[in-house]
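Note sheet for the following structure.
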Amino acid sequence: MHQPSELARTEPDPEIQHLIQASAIAEVDQKMVALLTHDKLSEIVQLLPGSWLADDPGFADKDAQRAAYREFFLRRAQSSHTFVQEGIRARSSYV
């Protein structure tokens, strides 16, 4: 049988360690939103080599695939507040 002192932890469970590190999530989000502008995301996606993009009959060409990626990332960036709120909620229930 384990003694309570043996079960005491000095570190949080590894499963929730990332939640503790998330204490600055709103601040980081503000910085990232400022950095990842429409132009910056377009620039980044344009750097994707064509060889990284699989042939997909749903797109006319590689540029159309890049445009779809750009739109996806733009929507995610515009919805970052949703992810921030969920991170804050999860953190508050464990920390």
Segment Arg75-Asp55, extension gain: residue separation times 0.36 nm, minus the distance between their alpha carbons
4.8 nm
Everything considered on the Cα gyration tensor (a ≥ b ≥ c; rounded for a/c under 1.5, else prolate if a/b is larger than b/c, else oblate), the stretch 13-94 must be described as prolate
All other residues with a Cβ under 13 Å from the Cβ of Ile25 taken together, and with Lys, Arg as +1 and Asp, Glu as -1, what is their net charge?
0
Net charge around Arg70, counting only other residues with Cβ within less than 15 Å of its Cβ (Lys, Arg = +1; Asp, Glu = -1)?
0
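Read-outs: derived from the displayed coordinates by stated rules, not from any lab. Everything numeric here is computed off the predicted structure, so don't read it as measured data. With ideal geometry, Cβ positions are generated from the backbone for all residues, glycine too; neighbour counts draw on all protein chains shown.
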